[in-house]
Amino acid sequence: SGSTANGKTAYQNALSINKGLKVSQTGNKLNISWGKVSGADRYEVYAAYCGKKFGKNPVKIVTGAGVTTAVIKKLDRNKLKLKKNFKVYVVAYKTVNGKKQKLGKTIVAHVIGRKNAAYTNIKAIKLEKSKATIKKGKTWRIKATVVLVDSSKKMLPESHAATFRYASSNKKIATVNKNGKVKAKKKGTCYIWIYAKNGYAKKIKVTVQ
């Protein structure tokens, strides 16, 4: 049965797989990398053109515990259409008694075909601060901007994906909402991860006093 890791483990696995997630488009191929998930022996990569539904079957299956990259050269049995935009996600599994068990999955990353006349990809996230100290019970908002591959073009609109998506490494210490507002819950240290549209990730160290 496709049973899933329990809630807490699945959340930590999602952090592990997302922190290495990056999708880029070079030449005639999509390059996908992701973070290693403890115990995973199989990763399934799903890809589709933006505006289309993901198929039920993965475009690529990667087996072996140490492999965390894949290259896709075809979609819908044809060469990639480089004027279009792509969306990709990766799911980690481990085999238990001959059946695959889902461990965690990435966010959906969006990437632009290099021949797209209007849009371009994100190459970096710039943070106002790489670490923050917050008093327990207080809130603080993350300030971040993106650096584009081609500054004469635009980033994909919010209808594809939010400019940034966020996750906390320990929600007991600090939580973060979809607007990047961090709430300090209890004393300790954790990381807030920020993901750009193409999965490019950066982290902020948060200390709660």
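The values are calculated or read from the model by the stated rules, or taken from the named source; none is laboratory data. Not measured: the values here are computed from a predicted model. Glycine also receives a Cβ, built like all others from the backbone with ideal geometry; neighbour counts cover every protein chain displayed. Just so you know, the surface numbers come from the protein's heavy atoms only, side chains and all, with ligands and any DNA or RNA stripped out. Shrake-Rupley method; radii C 1.70, N 1.55, O 1.52, S 1.80 Å.
Which percent of the accessible heavy-atom area of the chain goes to carbon and sulfur, probe 1.4 angstrom? Please report the intermediate quantities before stating the final value.
Values: 5470 of 11380 Å².
After summing per-atom areas, the C and S share lands at 48 percent.
For the chain, count the residues as N, evaluate 2.2 N^0.38 Å, and divide the Cα radius of gyration by that value, please. Present the calculation step by step, with values, prior to reporting the outcome.
Values: Rg = 17.9 Å, N = 209, 2.2 N^0.38 = 16.8 Å.
Compactness ratio reported: 1.07.
Could you list the trypsin sites (Lys or Arg not before Pro) in the range 121-209 that lie in coil according to DSSP, counting only those with at most 15 other Cβ atoms within 10 Å of their Cβ?
Filter output for the range 121-209: LYS129, LYS135, LYS136, LYS138, LYS143, LYS153, LYS171, LYS172, LYS178, LYS186, LYS187.
In whole Å, how far is the Cα centre of the range 1-61 from that of the range 80-130?
Each part reduced to its Cα centre gives a spacing of 7 Å.
From the residues GLY51, SER16, ALA144, which one has its Cα farthest along the dipole of the chain in the positive direction, the dipole being from +1 and -1 charges on Cβ of Lys/Arg and Asp/Glu about the Cα centre?
The Cα lying farthest towards the positive end belongs to ALA144.
Please identify, among SER16, SER24, SER130, the residue showing maximal mean-square fluctuation in a Gaussian network model of the chain using a 10 angstrom Cα cutoff.
Comparing SER16, SER24, SER130 in a Gaussian network model of the chain, the most mobile one is SER130.
Would you calculate, for the chain, the mean residue ellipticity at 222 nm contributed by helices, counting each DSSP H stretch of 4 or more residues as -39,500 (n - 2.57) and dividing by all residues, to the nearest 500?
Details: 1 runs with 12 residues, N = 209.
It comes out at -2000 deg cm²/dmol, rounded to the nearest 500.
How many Å² of accessible area per residue for the range 7-57, probe 1.4 Å? Spell out each step's value before the answer.
Details: 2480 Å² over 51 residues.
Solvent-accessible surface per residue comes out at 49 Å².
List the residues, sorted by chain then number, that are 5 or more residues from ASN198 or on another chain and whose placed amide H is less than 5 Å from its amide H.
HN-HN under 5 Å from ASN198: HIS110, ILE122.
Between ILE61 and LYS79, what is the spin-label point distance in nm, taking each point 7 Å from the Cα along the Cα→C-beta axis?
Roughly 2.8 nm, to one decimal.
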